[in-house]
1. Using only atoms on other chains, find how many Cβ atoms lie within 10 Å of each Cβ of peptide A:133-144 and report the average.
2. What is the spin-label model distance, in nm, from residue B:338 to residue B:13 if the labels are put 7 Å beyond Cα along the C-beta direction?
3. How do B:409, B:103, B:553 rank when sorted from fewest to most other Cβ atoms within 10 Å of their own Cβ?
4. Work out the FRET efficiency for residue B:593 and residue B:235 from their Cβ-Cβ distance, taking R0 = 56 Å, and round it to the nearest 0.05.
5. Which of rounded, prolate, oblate describes the stretch A:31-111, given a ≥ b ≥ c as roots of the alpha-carbon gyration tensor eigenvalues and a/c under 1.5 marking rounded, otherwise prolate only if a/b is larger than b/c?
6. I want to check the label-to-label distance for residue B:331 and residue B:585. Put each point 7 Å from Cα in the C-beta direction and report it in nm to one decimal.
7. Output the peptides B:30-41, B:370-381 sorted from most to least packed, where packing is the average of other Cβ atoms within 10 Å over each peptide's residues.
8. Please report the spacing between the Cα centers of the stretch B:230-260 and the stretch B:265-309 in Å, no decimals.
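Rule-based calculations on the coordinates, nothing more; no lab input. Just so you know, these numbers come straight off a predicted model, no measurement behind them. FYI the Cβ positions are ideal-geometry reconstructions off the backbone, even for glycines, and counts take in every protein chain you see.
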């Protein structure tokens, strides 16, 4: 009964805490134009977003809708609470005014920590694990790969995501763009 | 356990400067710098100061310095690929330092520590669960402690062989057969020598006949002994792994739920299948194989030295090189084939995936897309298989050539001795060549055995690890066996978390009278299922206690207690077997009359009899299909037959037609009558019927009382009810 078909047009006002069994408004995405959105710091240093004259959100979260395939296309602006609702989808966010753009960029940089692999420096197979030195956009790191088969995701024809034994994920956006040594080592690893 | 990691010198000095004379209460290193590049950062609570430090050569720079008194709470924000330790200061979250996923657990603990410190509570110790080998630091697999580098090979082998002790006699037999078989095998080239040196030159036909008979006898005997040995060996090896598997499975049944939480089912299944398979291979084939090859190499070496020790030395010189080369090739082939098998499994996965979704593919008319996907994998597989076979086809003849080169040496140098009328006959030479042919095979085998051994021992170690894991029956099993369980249940200040630093239930207290029904209400994730898990004693409470009929759950005999519990769960689960077997699952001794009576009470009898095979209808994995409503009622019948004192009822949310719904409701009503019932309620009728409702919110008891009381209170329950009414109204309209 929890997954009842909800009737379109019902209000949510009577059930402010409802999340799962909510009778919500017509589901529709709200796209925000860059001109509507302003992001700035308040006097006490908190990030704040205004949507026209309509809303103001303190410490909003900026999430990428497609962080892998198209990281800069759609940015979901959400309320501060981890379960908070989406305020709207911002596209073409690079057209924001300068301050806003920089703050959004800083927030995205803060949130998305997965490194991009640039080069495989070395790899050796010892005792059932593979110990590699990865050079990434975040610096060089020695990683341990284990059960590689279960920890590699192939996206499309040349993109690979590798998760190491500690739960960190490394993105190889284009295998063919790696240098020859890295490619050879990668073939060995996989 | 300590609450602080050991600080590097530079950081310690910087801490001493920033907070002179303070005790270091918490210290933990992160792996991300402020610009989110990989780097080292330290979080330190020294006395009353909260510090974040960036090591800088032999010194460190303090990047954050706050008084502890400013901090109200500590939090961890979950980011993508890592997290951020934060402090709540004046209602605002302030970032302290980021970390990657690798350290998420460590900083989860640090959060708890900082939070405790900020609230003036004692700081809990750090529990580093990161799965590294404690002695060498190698990262290990899913919750295993078996480090392939540090595994004490001797100890594991001894323990493995202890499983062989009951079959000592047979193992001796295998050993003797091995020795005897090899001896007879070694006779053959020597007889050849006698033919060439004795029978031919003296034109002795009788001797020749006897020698040929001896030759035949030795090879027949050697073969027969070999067959006997293989058959006995296979039985002993198989039997030992049978014993190990049986012990392992029995153990798995008794392991605590926490163990199953930490270990994914796949990993456990792999221990049962792959690891025990690895051990079986090793015991049934590996050990005898290695053993017979050792005997063979020893025997052959002895014989060639006996014939001509100088030539033997000469010929054996290349042996280490050939072995080394062969080892190298084996390693390469292993990699190549590994890749091939990996491609196979991906190929298999995509085929299985597509074929199991035929209906959806057709419905979306995605056949061309699927064919395309398949073609890509197929081409991958083609490439890998060609590469593997070609590599094999190239290296194997090369190894053959190398091995053959040994015999060239014998022909030439042995021939020289003969030509120079040295102390060697043609027979010696031919026998020599014969022995040489017998040498390289086993030598090769032994080098492979060297690789096989560690793998098998690691597998064995992983199995022993399960055998040594804590089982629920050992951990405070309790020995109180009351005459009966009446069903009075009390939770007294219960606090519990699946991970101890992250409580899911906080100080929960309530009481349910015998025969009453308690409805558990709350949002998903509020802690309802956890209450049930604790009641079943799948987990033990961290603080407080649960009393059943006034006896602490820890003191009750677990098997007896569970035998008096019954459950009807949201997802009705049927085992493979007949309907009758499924109903009788909790009471295998039930008669057919009992089963039918229970089914009748559960409103299941009529639909069951209508099945072609009636109560003998196969259900479960490979069995016939029962509808959701039918499965529900079979499960209710199972619970009725089981006749539990305490019943757990997790109402189904799946919608069934109104008539079935009414039948299920009726069956449930009959089931719960007179039993203490814990219901995770989704239906309004259940909520109304419950003697008491427990509203759980964020792990705490938000409200407790009857439906009417709570409705009047206009709190959390009233709001949930409001939503419920709305959705059920729309559902009713939708029908």
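1. The per-residue average across the peptide is 3.
2. Placing both labels 7 Å beyond Cα along the Cβ direction yields 4.5 nm.
3. B:409, B:553, B:103
4. The pair residue B:593/residue B:235 has a calculated efficiency of 0.75.
5. Taking the square roots of the gyration eigenvalues as a ≥ b ≥ c, the stretch A:31-111 is rounded.
6. 5.1 nm
7. With the highest mean Cβ count within 10 Å placed first, the list reads B:30-41, B:370-381.
8. A separation of 20 Å, based on Cα centres.
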